[in-house]
Each structure stands twice: as C-alpha cells, then as structure tokens.
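Notes for the one structure printed next.
Each value in this text was obtained by applying a stated rule to the coordinates, not by laboratory testing. On a predicted model such as this, the values are computed, not experimentally measured, just so you know. In this analysis, Cβ positions are derived from the backbone assuming ideal geometry, glycine residues included, and neighbour counts consider all displayed protein chains.
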Amino acid sequence: MTDAIRILVDADACPVKDEIYRVAWRHEVAVKVVSNSRLHIPEHPLIERIVVSDGFDAADDWIAEAANPKSIVVTADILLADRALKAGASVLGPNGKAFTMASIGPAIATRAIMADLRAGMDGRTGGPPPFSKADRSQFLQALDAALVRIKRG
C-alpha cells in the first residue's frame, strides 16, 4: 500500500477531469487518469495517464486494485464505487455525491431496478439530467473536503 494520497479517475466518461487537476495541483496530490483509450491530459508531474486494454471492465479492475484508504476514486460507476469502498477508498461521483458503505447497497439495488425498467422500455429512456455548473461546483467542494479529511487522517 502506498502512503501517498492520490486521486484515481475513471476517466473515459468523466466530465470533471479539469476540476480534478485544479484541486490536485492546489493540494499537491497525484492523479492517475485511467482509461481504455489515450486521453489528452496536461503535462504535469502530478498527473499520470494509465491506458488499459479495451477489455470489459479493464479500467475498473485497475482502479479497484489500486484503491486503498489513501485514495479518492472518482467514478459514476456504482459497481466500481462498491469495489473501491471495500478497498477502503473514498469515492465521489462526478456530481460531488459521496458513495459510502451506507449508501452503496441502495444504489446497487436502484441500479438493478433501473436496468430492468430500461430493458422493458426497449432502451427508450430520457437518460441522465444534463451536467450543470452546480454539479461542477458541488464536485469541487466535495473533492477538496475529501482531500482535507484524508490529510488529517
């Protein structure tokens, strides 16, 4: 286990990568940007691009294996959030909502119900609400608070 605090980003569809970089620079915390394809990242010694195979859940597997109590995992993937929590990591959704051991069970159950509903609708759903400035602001505050909490031990 590494003693260094770091942010692990499920990056392929993450809408808050730029916000993560800004907060990481301010706190001088390393960021691992994990994706199935080569994404553009800033040239900075704290930011590392991790490109995994395009295999099913390859990015999730890498993140789950790297997660530990000194990690903050940023993901919208509920099943990855569950795995990261079990590894002791703090987990944030891109909207700033924290996944916790108390909230993950209901989130997994809701995910399963929604998958069943979508299957019955032949895939005709409205999708998630648009990502807003308020979501970005809430994420910035949540990430900053999570880093402060981990630094304080």
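3J(HN,Hα) along the stretch 86-92: 5, 7, x, 6, 8, 10, 10 Hz, from the Karplus curve 6.51 cos²θ - 1.76 cosθ + 1.60 with θ = phi - 60°, whole Hz, x for Gly and Pro. Our coupling estimate for the stretch 94-104, obtained by passing each phi through the Karplus curve with A = 6.51, B = -1.76, C = 1.60 and θ = phi - 60°, is x, 8, x, 6, 7, 8, 10, 4, 6, 9, 6 Hz, Gly and Pro reported as x.
Charge dipole (Cα centre; +1 on Lys/Arg Cβ, -1 on Asp/Glu Cβ; no other charges) of the chain amounts to roughly 540 debye.
3J(HN,Hα) along the stretch 144-153: 4, 5, 5, 5, 4, 4, 5, 4, 6, x Hz, from the Karplus curve 6.51 cos²θ - 1.76 cosθ + 1.60 with θ = phi - 60°, whole Hz, x for Gly and Pro.
When the chain is described by a simple charge dipole with +1 on each Lys and Arg Cβ and -1 on each Asp and Glu Cβ, the residue from S132, A84, A109 located farthest towards its positive end is S132. Scanning residues 5 or more positions from A30 or on other chains, those with amide H under 5 Å from its amide H are I7, with H placed 1.01 Å from N in the peptide plane.
Within the listed set S35, S132, S90, the Gaussian network model of the chain (springs between alpha-carbon atoms below 10 Å) gives the highest mean-square fluctuation for S132. Amide H to amide H distances under 5 Å link V91 with V73, F99, where only residues 5 or more positions off or on other chains count and H is placed in the peptide plane. Would you mind pulling out the separation of the Cα centroids of the stretch 1-47 and the stretch 78-101, in Å? Taking the Cα centre of each part, the stretch 1-47 and the stretch 78-101 sit 16 Å apart.
Calculated on the alpha-carbon coordinates, the convex hull of the chain measures out at 121 cubic angstrom per residue. Dividing the summed helix terms, -39500 (n - 2.57) for each DSSP H run of n ≥ 4, by the number of residues in the chain produces a 222 nm estimate of -14500 deg cm²/dmol to the nearest 500.
Within the listed set P94, P129, P42, the Gaussian network model of the chain (springs between alpha-carbon atoms below 10 Å) gives the highest mean-square fluctuation for P129.
When the Gaussian network model of the chain links Cα atoms closer than 10 Å, the mean-square fluctuations of I104, I20, I72 top out at I104.
Amide H contacts of D77: none lie under 5 Å away among residues 5 or more positions distant or on a separate chain (H built 1.01 Å from N in the peptide plane; Pro and chain starts excluded).
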